[in-house]
Amino acid sequence: MEVALMKVFNSYTGALETFVPHHEGTVSMYVCGPTVYNYIHIGNARPVVFFDVVRRYFQAKGNVVRFVSNFTDVDDKIIARAKEEGKDEAAVSQFYIDAFLRDVKALGSNVDYIQPRVTRYMDKIVAYIKELVDAGYAYLVDGDVYFRVSRFDEYGRLSNRKLDDLIAGARVEVNEKKESPLDFTLWKRTDEGIRWDSPFSVGRPGWHTECVAMIDDIFGEEIDIHGGGMDLMFPHHENEIAQACAHDHHRVARYWMHNGRLDIGGEKMSKSLGNDIKVRDLQGDLLGYRMFLLATHYRAPLSFSLENLENYQKDWARARKSVQTLFHALDRADALNPGAKVEDPEIAGTVARFDEAMESDFNTPNALTAFNALLKILNNLLRRPADPRLMNEALEAAKYMLGILGLDPDLRILSAEERALFTAWEDARRAKDFASADGYRAELVRRDLV
């Protein structure tokens, strides 16, 4: 890959930077995953979709991508849900992990990535915390362990917050056990819910330690990209950086990437506010929702409405049908040429603009604009007798772009029966037998072939 062309916005520095992976040809990525106590809502889906596209683009350019996204399967909310449903925490977590993976697949995202679970990394997490205590970066009080924020001079840099302002804001929650109101929990002593023995007490880890300890164990070094929603920047990612700088002398990732928030009706969407829309409750083709998410730059805020969703579902249906029609036309003519090299200047120009958009901080709106330009070329080819060479080039360009965007047009070779149905439809139209032609077309529509 021509990494010198790639620019990403690094949240840590607040600047657009040239992307250079730690190891040439390999990109390491970690994206914070869900706390599995409920179904994901459509706002939770935004980082899932976006970072899936980031991964796809790196892979399309020949890189090996080590992609990790975790499941937080121990949490107060999971304990509360287990009590409510009369189940143990493990059963609740597994149920919502399975539900998450179904929803992610429906959104067109891949699930073939490393999926660490907090409960399976407890020995590593405990060891990580102990090493922070032994080094003086953390301290033990009555079975709880806290991180000494005062030992980390750059605390607040990621979220661009001043230490004095943070201390003033933290004083509203007084905890006399802590040396400073900013110190955060690494281990919590508890008698409730799932818990583990440790050198500190019987308890469970703090959320901010789980991700950084798993990253350290899986990768063993500073990774290339750490991603997540803007809402995780403070305190979660800020606290990850503080621990990694203390424990490993690096800031977890070379590039920090954060997607903007998705609102509904101008208000923040959240499970706690009760205004969330679950992914599983969306109607219609969920790839239309994926297109809606990608039509706005990932760092920009995004407002959801059912009207917008329906418009993008229609746009995707039209685009998918055009690509399918081109594919079927080539298939019926026995002229498919998989892997055809894109040489036509007009078609190649759309691919170049697509890549330029993706290499400019993953500008998916501009990438979709490039795809729409290709779609016009493709539709023009369908309106007139066209050179199969150009048709194949347009098809390969479409497959390339849609493969990166995760928009699957569902291209499949026609069966003998389906070919015969197309032939009968065309014969009836030529014979002006419109009643029969309408019947054949209705059957092709029923099979989603026209």
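The values are calculated or read from the model by the stated rules, or taken from the named source; none is laboratory data. Here the structure is a predicted model, which means the values were calculated and not measured. Using ideal geometry, Cβ is built from the backbone for each residue, glycine included, and neighbour counts are taken over all protein chains shown. What goes into the accessible areas is simple: the full protein's heavy atoms, side chains included, and nothing from ligands, DNA or RNA. Shrake-Rupley method; radii C 1.70, N 1.55, O 1.52, S 1.80 Å.
Out of 66, 81, 161, which single residue is in a helix (DSSP H, G or I) and either out of contact with any Gly (no Cβ under 9 Å at 6 or more places or on another chain) or over 18 Å from residue 205 (Cα atoms) (or both)? Within the list 66, 81, 161, the selection yields 81.
Selection of segment 185-207 for residues being modelled with pLDDT under 95 and under 30 Å from the mean Cα position of the chain (by Cα) yields 194, 206, 207. The single condition among (1) in a loop (DSSP other than H, G, I, E, B); (2) acidic (Asp, Glu); (3) closer than 17 Å to residue 333 by Cβ that residue 408 does not meet is (3).
Scan segment 388-424 for residues that are open to solvent by 50 Å² or more (accessible area, probe 1.4 Å) and over 35 Å from the mean Cα position of the chain (by Cα) and the total you get is 7. Pairing each residue of segment 291-316 that is within 14 Å of residue 46 (Cβ to Cβ) with any residue that is among the β-branched types (Val, Ile, Thr) and not in a helix (DSSP H, G or I), provided the two are 6+ apart or on different chains, yields C-beta distances under 7 Å for 302/296; 304/42; 304/264.
Does residue 343 meet the test of being without any contact (Cβ under 8 Å) to a residue 60 or more places away in the chain and outside any helix (DSSP H, G or I)? Answer is yes for this residue. All conditions but one from (1) surrounded by fewer than 23 Cβ atoms within 10 Å (Cβ to Cβ); (2) part of a helix (DSSP H, G or I); (3) in contact (Cβ under 8 Å) with a residue 40 or more places away in the chain apply to residue 58; the one that does not is (1). Being of a type in the set (A, V, I, L, M) and assigned to a helix (DSSP H, G or I): is that true of residue 49 here? Yes; evaluated as a whole, the condition is true for this residue. Check whether at least one residue in segment 230-250 is part of a loop (DSSP other than H, G, I, E, B) and either open to solvent by 30 Å² or more (accessible area, probe 1.4 Å) or touching a residue at least 60 places away in the same chain (Cβ under 8 Å) (or both), and report yes or no. The answer is yes, given that some residue of segment 230-250 is part of a loop (DSSP other than H, G, I, E, B) and either open to solvent by 30 Å² or more (accessible area, probe 1.4 Å) or touching a residue at least 60 places away in the same chain (Cβ under 8 Å) (or both).
With respect to the conditions (1) open to solvent by less than 40 Å² (accessible area, probe 1.4 Å); (2) at pLDDT below 95; (3) closer than 17 Å to residue 192 by Cα, residue 86 falls short on a single one, namely (1).
The residue that is nearest to the chain's Cα centre (by Cα), among those in segment 257-286 that are open to solvent by 40 Å² or more (accessible area, probe 1.4 Å) and charged (D, E, K, R), is 261. When segment 210-229 is examined, which residues are found to be open to solvent by less than 10 Å² (accessible area, probe 1.4 Å) and either among the aliphatic types (A, V, I, L, M) or more than 18 Å from residue 29 (Cα to Cα) (or both)? 212, 213, 214, 215, 223, 225 - these are the residues of segment 210-229 that are open to solvent by less than 10 Å² (accessible area, probe 1.4 Å) and either among the aliphatic types (A, V, I, L, M) or more than 18 Å from residue 29 (Cα to Cα) (or both).
Selection of segment 352-364 for residues being assigned to a helix (DSSP H, G or I) and either modelled with pLDDT under 95 or open to solvent by less than 30 Å² (accessible area, probe 1.4 Å) (or both) yields 354, 355, 357, 358, 364.
Residue by residue, here is whether (1) buried (at least 18 other Cβ atoms within 10 Å of the Cβ); (2) at pLDDT 95 or above; (3) not hydroxyl-bearing (Ser, Thr, Tyr) holds:
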| site | (1), (2), (3) |
| --- | --- |
| 112 | no, yes, yes |
| 136 | no, yes, yes |
| 141 | no, yes, yes |
| 150 | no, no, no |
| 160 | no, no, yes |
| 167 | no, no, yes |
| 173 | no, no, yes |
| 178 | yes, no, yes |
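On the given criteria, is residue 340 open to solvent by less than 20 Å² (accessible area, probe 1.4 Å) and among the small types (Gly, Ala, Ser)? Can you show your working first?
On the way: open to solvent by less than 20 Å² (accessible area, probe 1.4 Å): yes; among the small types (Gly, Ala, Ser): yes.
Against the criterion (open to solvent by less than 20 Å² (accessible area, probe 1.4 Å) and among the small types (Gly, Ala, Ser)), residue 340 qualifies.
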